[in-house]
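All of the numbers you see were taken from the coordinates with simple rules; none came from a lab. Bear in mind that the values here come from a model prediction, so they are computed numbers and not experimental data. Reconstructed Cβ throughout: ideal geometry from the backbone, glycine too, with neighbour counts over all protein chains shown.
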Amino acid sequence: MEFASDKPIYRQIADYCCEQVLTGAWASGGKVPSVRELALDMAVNTHTVLKAYDQLQADGIIAPRRGMGYYAAEDAPAQVLELRRQNFYADTVPALKRQLDLLGISPEELLEHLRNQQ
């Protein structure tokens with residue numbers, strides 16, 4: 001995985017993990033890679049993966065099982081979708097609104113363009 005420079009690596013790893021949940025690569029209730037396995041796969045320090053897992057755990061996406069490792073929460077896909085929607089409305093929409101205003105594009109014009117893309 002190539003990491004972008006504008007976002008902390010642990011956050012990029014957490015985003016990758018969320019994508020694994022959404023695509024079904026990490027099944028709801030299923031075991032997820034150990035911290036060490038994922039660190040090796042991504043060629044990063046185990047502390048970086050642990051920080052990402054701590055964030056995922058705080059978000060209710062994964063949970064540790066004593067002596068067994070980490071598992072995806074039963075409702076992990078719903079948790080990821082809700083988190084991503086919140087981030088979309090908090091981060092993406094305001095930035096999009098600024099761009100629309102700068103370019104003189106009305107919300108209606110944008111909506112029409114989006115509908116024509118399908």
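What the table shows:
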{"quantity": "222 nm mean residue ellipticity, helices alone, for the chain (DSSP H n ≥ 4; -39,500 (n - 2.57); rounded to 500)", "calculated": "-18000 deg cm²/dmol"}
{"quantity": "Region 77-118: radius of gyration and largest Cα-Cα distance (Dmax), Å", "calculated": "12.8, 37"}
{"quantity": "Check: region 1-68 dipole with +1 on Lys, Arg Cβ and -1 on Asp, Glu Cβ, in debye", "calculated": "340"}
{"quantity": "Long-range amide H partners of I62 with built H, under 5 Å", "calculated": "Q57, A73"}
{"quantity": "Top positive-direction residue, dipole computed over region 1-55 with Cβ charges, set A43, C18, G29", "calculated": "G29"}
{"quantity": "Enclosed volume per residue, in Å³, of the convex hull spanned by Cα atoms of the chain", "calculated": "133"}
{"quantity": "Sequence-separation-based contact order of the chain, relative, with Cα cut under 8 Å and 6+ spacing, percent", "calculated": "23"}
{"quantity": "Ratio Rg/Rh [Cα only; Rh per Kirkwood] for region 1-68", "calculated": "0.94"}
